[in-house]
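The values are calculated or read from the model by the stated rules, or taken from the named source; none is laboratory data. Every value quoted in this text rests on a predicted model; they were computed, and no experiment measured them. Heads up, the Cβs are rebuilt from the backbone with ideal geometry, glycines too, and the neighbour counts pull from every protein chain shown. With ligands, DNA and RNA removed, areas are computed over all heavy atoms of the protein, side chains included. Shrake-Rupley method; radii C 1.70, N 1.55, O 1.52, S 1.80 Å.
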Amino acid sequence: MTVSPALSSPDATSLVLSSPDTTSLLLSPPDATSPPLSRPDASPLPDRAGVTGSRPGRPCVTELRLSAFAGHRRAGFGLGPLTLFAGPSGSGKSRALQAYEALARLGGGAELAEAFPDPGACVPERARPDAERRRGFRIGCTADGPEGPVRLDVAVQAEPGLRVVGERLTSGGLVLLETALRDPGRATVQAAWHTAGSSPVTRGPLPDDRLGTALLPLRVSGKTEGQRRVLAAAEQMVVALRSVFVCDPNPGRMRAPVPRGAGRLLPGCDNLAEVLWRTRAECGRRHALLAAAVRAGCTGRVVDLLAEPLADDRVRALLDRGDGLRTPLGLLGDGELRYVALALVLLTGPGVLEVDPAGEVPAALQTLTVLADGFDRCMDRRQVRELLELAARMCERGHIRLVGAVGEASWAAGVDGVTVVDLSA
């Protein structure tokens with residue numbers, strides 16, 4: 001277990017959305033030596049990775065930054081393959097996962113209103129409005145992969161209207177994309193992206209209700225080396241962000257039989273029985289692993305986990321206890337149901353979960369990230385331990401990552417491969 005304390009320093013400093021011609025100042029430069037976007041083309045380009053050493057073969061988010069978001073200020077969280085945000089109620093665990101989910105939605109092309117359905121709740125409590133009564137928040141992340149670390153930082157105005165007021169994409173110390181709100185009367189931001197051709201940069205408007213990074217493939221032709229670099233960095237960020245499955249099993253909806261359908265697991269795991277009907281028939285090996293996991297986490301003897309068809313074209317899930325005894329999953333406790341659902345999530349993938357992966361990128365080059373708020377909710381210590389050990393084994397393989405929230409950091413004690421962000425420190 002690796003304990004990673006939150007790098008947060010709350011204060012009463014107000015978040016002021018700058019005047020239209022200086023909005024980009026909301027975004028702090030990546031480091032003290034970062035060159036401006038208008039860097040002369042004759043200068044040598046920095047190494048793409050910006051660091052030495054091996055690079056991940058699959059793009060993945062390795063850092064979440066909450067510069068000013070709800071209760072977080074100046075916070076940066078390193079993310080490993082298996083990361084747990086730990087702390088008491090109100091410490092900001094759910095807010096961190098909410099920010100990650102919002103970035104994922106924006107990376108998939110969603111509008112701001114879809115990513116932030118309640119933007120006012122994202123504004124730091126002590127953020128004072130500027131002269132034009134504007135308030136907002138700032139979030140960002142780093143995605144590592146073949147292009148090296150790529151940073152994305154976004155400033156969002158929440159009041160009086162929801163819009164992007166600044167965005168910056170950087171790689172290897174070079175600013176590849178920068179946007180700023182120049183005219184509040186227009187529903188656009190002024191964007192400039194690296195070209196490194198006859199002109200160092202290309203400028204043009206982008207909509208103020210979407211992430212510019214996700215729109216770059218539609219605007220950049222890729223004719224110059226600089227443009228190809230911009231596209232590669234944007235693609236890495238988008239691929240790292242968009243393959244996310246937000247999972248919060250709801251035991252109350254998992255007890256009743258469900259109609260047979262496409263067999264793709266919903267975020268609340270309401271259709272668990274339908275998915276079991278599919279996975280048991282399609283992948284015997286993974287189903288055997290699921291049965292073994294359920295055996296370790298549920299009370300009493302468990303021989304198998306199966307789905308039974310009913311007369312009205314519905315199915316219900318059952319535990320096979322052996323000797324002809326079968327227990328409907330609807331009779332299990334909330335903790336056991338959540339345990340079974342999360343084990344199923346960890347042992348499947350995008351083909352079974354209701355996610356929207358990047359279809360233009362081979363599955364072998366993608367990593368699915370599961371966001372699990374309340375990862376330990378309703379479960380006892382034995383169940384949490386078994387589930388964490390299963391998660392550590394699955395995340396070690398590289399095709400799946402997990403970011404979860406738990407009440408206590410001690411849940412992960414002694415489990416290798418877990419990064420704990422302790423928000424109670």
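Points to keep in mind about this one:
- 3J(HN,Hα) from dihedral phi, the range 103-117, Karplus parametrisation 6.51/-1.76/1.60, rounded to Hz, x for glycine, proline: 4, 4, 5, 5, x, x, x, 6, 6, 4, 5, 6, 6, 10, x
- In Å², nearest 10: area of Trp411 left accessible to a 1.4 Å probe: 40 Å²
- Neighbourhood net charge (11 Å Cβ-Cβ; Lys/Arg +1, Asp/Glu -1) for Asp416: -1
- Size descriptors for the range 269-343: radius of gyration and Dmax over Cα atoms are 11.5, 33 Å.
- Annotation: Glu101 carries an accessible surface of approximately 50 Å², with a 1.4 Å probe and no ligand, DNA or RNA atoms counted.
- Solvent exposure ordering (accessible area, 1.4 Å, most first) of Thr62, Thr142: Thr62, Thr142
- Under Karplus coefficients 6.51, -1.76 and 1.60, residue-wise ³J(HN,Hα) of the range 344-350 in Hz, glycine/proline x: 4, 4, 5, 9, 10, x, x
- Accessible surface ranking that places the most exposed of Cys378, Cys283, Cys395 first, with a 1.4 angstrom probe: Cys378, Cys283, Cys395
- Environment charge of Glu63, counting only residues whose C-beta is closer than 9 Å and scoring Lys/Arg +1, Asp/Glu -1: +1
- For the range 167-231, the solvent-accessible area works out to 40 Å² per residue, with a probe of 1.4 Å and every protein chain left in place.
- Charge dipole (debye, nearest 20) of the range 63-158; +1 at Cβ of Lys and Arg, -1 at Cβ of Asp and Glu: 480 debye
- Rounded accessible area of Phe85 (nearest 10 Å², 1.4 Å probe): 0 Å²
- Summarising the amide proton neighbourhood of Val246: residues at separation of 5 or more, or on other chains, whose placed amide H is nearer than 5 Å comprise Leu371.
- Carbon plus sulfur fraction of accessible area for the range 266-415, probe 1.4 Å, in percent: 53 percent
- A cut-off of 5 Å between modelled amide H atoms, ignoring neighbours fewer than 5 places along the same chain, links Val220 with no other residue.
- Summing Cβ point charges (Lys, Arg +1; Asp, Glu -1) relative to the Cα centre of the range 252-346 gives a dipole of roughly 180 debye.
- Three-way shape label, the range 313-425, alpha-carbon gyration tensor, a/c 1.5: oblate
- Solvent-accessible area per residue, Å², over the range 73-112 with all protein chains present [probe radius 1.4 Å]: 30 Å²
- Radius 13 Å from Cβ of Leu331, net charge of other residues (Lys, Arg +1; Asp, Glu -1): +2
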